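As structure tokens, the structure follows; a few thoughts come after it.
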Amino acid sequence: MSTIKKHKGLDNTLKVMKEGYLYTTNQRRRLGAENIFETRVLGGKRALVISGKKAAELFYDNDKTERSGTLPKRLVNTLFGKGAIHTTTGKKHIDRKALFMSLMTEGNLKHLRELTRNHWYMNTHRMEQMDQINIYRESIILLTKVGTKWAGVQAPEEKIEEIATDMDIMIDSFRGLGTAFKGYKESVAARRRVEDWLEDQIIQTRKGKIFPPEGTALYEFAHWEDYKGNPMDSRLCAIDLMNTFRPLIAINRFVSFGLLAMHEHPISKEKINNDPDYAYMFSQEVRRFYPFVPFLPGKAKTDIQFEGHDIEKDTMLVLDIYGTMHRDDVFENADEFHPERFLDWDGSPFDLIPQGGGDYYTNHRCAGEWMTIIIMEETMKYFAGKITYDVPEQDLTVDLNSIPGYIKSGFIIENVAEKVDRK
């Protein structure tokens, strides 16, 4: 049996942070390791980095791998929240995941599509009055309005920008990878403010002082009972409630990447306007091609084998998310932006994994993935067909060394005008 190749070093965390999304791919190539290599991170912990479709199948096999206790504590404190569903496993995870999935009704998803379409249209006048629009920033504000409205949460107009800013700070905390990064205290404070605000609404709903519509996230979470018949602790309930719409706000990254892709591939605008299926294919390719989540941690639940290597129970595993989606043996010509690849895609749960893999109900695949696609479809249709705009000179570099990845300029547009056929 061959030996697993190693990236030598007592602790390679700083190297991971320096190389960002490309660390895993770079190391595989340097070491000549096709699907697995060993490194040490987060204080010198031994970790096996696994890559490829078979790696995703292993990582999301509940009998072989688990996620509980593997996320860095600082990242839990800022991005997900203490006790969040992302940190659970087994029956508890399945029970609470069912609550999340109960929101994915045809009516709720249709409502989200309508909210997204209407909010962008109503936002046209605002953008027409602005000299320049930073799409990264503008979309996080708009998606905060969409997300809170969809969730049934009371978010006064004057509070939206504050909420959007706090959400962005929390999402951006991923860059610390659990280390004592400079913005940690700011991220914790941002989370506390949003949790306080949502917990108050949970309590007020339970007391019958506010009345969110039945079927909304606020209503369902406030009235939910676990498999033992117990309501969720109000603070934990606020944390999981936030996790129903926080991922929607993070879609602002995909929105800016989508406009960059349109700019670099202008024929895509015409295709989106003329082909009813193209916005879906385009949105899926944006999710595959551009950086979102670089990798995720887990650990071996039992002694297992992968690619002919024995892996002992409790060994830390790191699934290479970004690298897997950029492998030619997973997606043909993976370094090319080609939406048509999804025309005949088989819908595998183990190759397109920007928001997790496996089964929606029992695994850690994001319950909001369908919502991401809906929001992206409607947003891309809006920018392709409902307005005109100019793209001024700017730095459009996508920084793959930063986690999360960004367009350095945020993607700026100007001279926005409603597109009207007056013939």
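Structural remarks
- Pairing residues of the range 123-150 that are closer than 18 Å to Tyr406 by Cα with residues that are modelled with pLDDT under 95 and part of a strand (DSSP E or B), at Cβ distances under 8 Å and at least 6 apart in sequence or on separate chains, gives Tyr136/Tyr406.
- Condition check for Asp399: more than 28 Å from Gly298 (Cα to Cα) and at pLDDT below 95: no
- Answer from Glu393, Glu377, Glu414 - the residue that is within 30 Å of His119 (Cβ to Cβ), among the charged types (D, E, K, R), out of contact with any Pro (no Cβ under 9 Å at 6 or more places or on another chain) and touching a residue at least 40 places away in the same chain (Cβ under 8 Å): Glu377
- Number of positions in the range 136-161 that are within 23 Å of the chain's Cα centre (by Cα) and either in a helix (DSSP H, G or I) or acidic (Asp, Glu) (or both): 18
- Figure legend. Inter-residue proximity from the range 156-171: first residues in contact (Cβ under 8 Å) with a residue 24 or more places away in the chain, second residues among the hydroxyl-bearing types (Ser, Thr, Tyr), beta-carbon distance below 6 Å, spacing 6+ or different chains. Indicated pairs: Ile163/Thr144; Ala164/Thr144; Met170/Thr78; Met170/Ser187.
- Scanning the range 402-414 for residues that are modelled with pLDDT of 95 or more and surrounded by 15 or more Cβ atoms within 10 Å (Cβ to Cβ) turns up Ile407, Ser409, Gly410, Phe411, Ile412, Ile413.
- Residue, surrounded by the fewest Cβ atoms within 10 Å (Cβ to Cβ), within the range 191-208, restricted to residues that are among the basic types (Lys, Arg) and closer than 25 Å to Ile169 by Cβ: Arg192
- Meets criteria (over 14 Å from the mean Cα position of the chain (by Cα), within 17 Å of Met325 (Cα to Cα) and not in a strand (DSSP E or B)) for Phe282: yes
- Given (1) free of Cβ contacts under 8 Å to residues at least 40 places away in the same chain; (2) in a loop (DSSP other than H, G, I, E, B); (3) not basic (Lys, Arg), index of the condition Gln305 fails: (2)
- Residue, nearest to the chain's Cα centre (by Cα), within the range 297-313, restricted to residues that are surrounded by 12 or more Cβ atoms within 10 Å (Cβ to Cβ) and acidic (Asp, Glu): Glu307
- Residue count, the range 218-264 (criterion: crowded, with 17+ Cβ neighbours inside 10 Å, closer than 26 Å to Pro354 by Cβ and not charged (D, E, K, R)): 22
- Filter pass, Ile272 being assigned to a helix (DSSP H, G or I), β-branched (Val, Ile, Thr) and at pLDDT 95 or above: yes
- Pick from the range 315-344, criterion out of contact with any Phe, Trp or Tyr (no Cβ under 7 Å at 6 or more places or on another chain), within 18 Å of Glu57 (Cα to Cα) and among the charged types (D, E, K, R), ranking: surrounded by the most Cβ atoms within 10 Å (Cβ to Cβ): Arg327
- Screening Asn230 on (1) at pLDDT 90 or above; (2) more than 20 Å from Glu161 (Cα to Cα) shows it passes everything except condition (1).
- Among (1) of a type in the set (A, V, I, L, M); (2) more than 20 Å from the chain's Cα centre (by Cα); (3) surrounded by 17 or more Cβ atoms within 10 Å (Cβ to Cβ); (4) in a helix (DSSP H, G or I), the one test that Ile133 misses: (4)
- Pairs, first closer than 19 Å to Arg191 by Cα in the range 219-240, second modelled with pLDDT under 90 and β-branched (Val, Ile, Thr), C-beta under 6 Å, six or more apart: Asp240/Ile85
- The set of residues in the range 25-36 being farther than 12 Å from Phe306 by Cβ and either within 26 Å of the chain's Cα centre (by Cα) or in a strand (DSSP E or B) (or both) consists of Thr25, Asn26, Gln27, Arg28.
The values are calculated or read from the model by the stated rules, or taken from the named source; none is laboratory data. What you see is a predicted model, and the numbers here were worked out from it, not measured in a lab. For neighbour counting, all protein chains shown are included, and Cβ atoms are generated from backbone atoms with ideal geometry for every residue, glycine included.
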